[in-house]
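Only one structure is covered here, and it is reproduced in the block below.
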Amino acid sequence: MATRAELASGLRGGRAGPLWDLLLRFGPPRWSQYIRQYWAGQRLVIAVPYLWLLLFFVVPFLIVLKISFAEFAPLGRPPFEPILRWVEEGGLQVKLLFSAYDYLLHEPLYVSAWLYSIKVAAMSTLLCLLLAYPMAYAIARASPSMRNVLLMLIILPFWTSFLLRVYAWIGLLKTDGVINQVLMAMGIIHEPLAMMNTSFAVYVGIVYSYLPFMIFPLYTNLEKHDPTLLEAAKDLGCGPVRAFFRITLPLSKDGIYAGSLLVFIPAVGEYVIPTLLGRTDTLMIASLLSDEFFRNRDWPRASAVAIALLLLLLIPIMLFQRIQNRELRANRR
Amino acid sequence: MKKYLTFPNVVLVLGLLFLYAPIFSMIVYSFNNSRLVTVWDAANSPTVRWYVALFHDRPVLQAAWLSIRVAAITATCAVVLGTLAGLVLARFGPFRGRAFLQGLTTAPLVMPEVITGLSMLLLFVSLEQLFRILFGWQFDRGMATIIIAHVTFTMAYVTVIVQSRLATFDDSLEEAALDLGARPSRVFFRITLPLIMPAILSGWLLAFTLSWDDVVVSQFVAGPGSNTLPMLIYSKVRLGVNPSVNALATIMVLVVALGVVASALLMRRAEKRREREMRMAESGR
């Protein structure tokens, strides 16, 4: 005879199976009523977030996918030709165009934007990692009360407006900005450095904005490390640098992956930072998407850019989800 | 003797400087009298003229009010949906479509904003057409569409927070209540909900700030009439530095800082109390 708890957990598992059937058929009436209620309630609880995400997350992608194959109609409202159309002879005409995709694979402007986006994202991720790793390490080794204060200090800027924090860099990086003024006053440079509207400014902006995303996964990983491992290495005559590369670094590889993906993925599609700080001659892909959509009103091409960007990010996103799931499962243990 | 001047500690201090220098420079220059922002007008500074001007700037006040309403409604809806999704993922065990739901809730966390914005706008345009054909009803994009878009990408954060909070508890308490004959809904409201309340609160705050802060998605889905505060700031900022934006930023940063510190202190106290109660319960056994 199954206990109530087993039954409940079996039901919650959604694999009620024969036991459930049996109880429904032969169990006392109150039980079957309870089980039915439980089932109905559970279904409803699953359905609500599911339907929301289907309608507002999945369906929009299908629409983008559809429009990316449509023909651009500059004067239309909306500005594209329908894909499916009843023709007069009484048939359904399907018109799929790949010209938008063809364009963004061959047009030099686009090719350079793809390469530039990937380069900027990869470089920023690397810089972020190099800065965040020692920071996360220092926090993980601090005393518990200090640790809380430090974590708070890291997360505090993250709660304030992203837009305003990027904007703040304009004041620092401008030709007559704070950094140039300070450097010139100290006599280190005699001519102001041109930092605004360069790739350098974009790197600074991205590293600055995404640093907490790198620090947190690294910290949660490093904090779990067993300090006796390093002591053992020391006792066996291993120097601190070598111990770091042989023990700490390999153990923290999940944190490195998670943090790097959390920076790389959004950085490829970053829009605000390159628009405010970046170059005006070389655009990143998100700016092109936005220009196609708002300036040229070319919805099919903008949609094709979105789909291509998504395909590019698909593998990193799936990797990230795998790590995320592993993490959640590990927490449950 | 513990060493403090280690390489990681030095980088930590430099990194914190890097994080805070821009914010502090923005605050300092918000008191600068000069219109040229970065040129310090020592004779007439500090001044609060930009703050005074801000409170007479109608568009800014209107945009701020719209943003507050959007963020509050978004956060509330996102908390309800995100808690449901987190509960389903953490407690309902394997069911058909679970992996898909998990994927759907984590994807918006890393989705580039331009893609979210574009796809949401195209959905709304299609819905507009559909409603016009079906019901002859023309709806306008505005506050409602901004809220729907914001809820969709913020609920993912709430889901992750709630799910990982639930993962730190085993379900023995809930199971015990079920064994004692409590109905599932009662178990949820009397046991699960109080346990995950801190996660729900931080989820609400996070959803609020993400919505309050969003410019890209809003720009896509907002109708011509509705301007949120970040949209307004963005249009000003694209033209370069602007002293009244510095003043506005200072106010926003201070409000957020106070809020975060206060809520962290409150949460610490609640956590301590819970731990004490747990200890008492343990020793009472």
Residues A:211, A:289: which one is facing chain B (nearest Cβ under 8 Å), buried (at least 16 other Cβ atoms within 10 Å of the Cβ) and touching a Cys at 6+ places or on another chain (Cβ under 8 Å)? A:211
Pairs, please: C-beta under 9 Å, at least 6 apart or cross-chain, first residue of a type in the set (D, E, K, R) and in region B:79-96, second at pLDDT below 80? B:91/A:12; B:91/B:171; B:96/A:14
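Tell me the residue from A:270, A:191 that is under 30 Å from residue A:310 (Cα atoms), assigned by TED's automatic domain parsing to the domain that holds residue A:115, not in a helix (DSSP H, G or I) and not small (Gly, Ala, Ser), please.
Selected residue: A:270, the only one of A:270, A:191 that is under 30 Å from residue A:310 (Cα atoms), assigned by TED's automatic domain parsing to the domain that holds residue A:115, not in a helix (DSSP H, G or I) and not small (Gly, Ala, Ser).
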Going through A:113, A:121, A:100, A:132 one at a time, which residue ends up being surrounded by 14 or more Cβ atoms within 10 Å (Cβ to Cβ), under 30 Å from residue B:265 (Cα atoms) and small (Gly, Ala, Ser)? A:132
Mind checking which helices (runs of 4 or more DSSP H) fall wholly inside region B:176-223 and carry at least 3 residues that are touching a residue at least 40 places away in the same chain (Cβ under 8 Å) and more than 9 Å from chain A (Cβ to nearest Cβ)? B:193-213, B:216-221
What's the number of the only condition in (1) among the charged types (D, E, K, R); (2) assigned to a helix (DSSP H, G or I); (3) at the interface with chain B (Cβ under 10 Å from one of its Cβ atoms); (4) farther than 20 Å from residue A:262 by Cβ that residue A:176 fails to meet? (2)
Contact list please: Cβ distance under 7 Å, first residue in region B:1-26 and on the phi < 0 side of the Ramachandran plot and facing chain A (nearest Cβ under 8 Å), second residue surrounded by fewer than 16 Cβ atoms within 10 Å (Cβ to Cβ) and part of a helix (DSSP H, G or I), pairs at least six apart or on different chains. B:16/A:153
When you go through A:84, A:54, A:62 one by one, which is the residue that is over 26 Å from residue B:149 (Cβ atoms) and surrounded by fewer than 15 Cβ atoms within 10 Å (Cβ to Cβ)? A:84
Answer yes if at least one residue in region B:156-172 is crowded, with 20+ Cβ neighbours inside 10 Å and free of Cβ contacts under 8 Å to residues at least 24 places away in the same chain, and no otherwise. no
Report the residue count in region A:273-285 for those that are crowded, with 23+ Cβ neighbours inside 10 Å and in a helix (DSSP H, G or I). 4
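The values are calculated or read from the model by the stated rules, or taken from the named source; none is laboratory data. Remember, predicted model here, so these are calculated numbers, not experimental data. Here the Cβ is made from the backbone with ideal geometry for all residues, glycine too, and neighbour counts use every protein chain on show.
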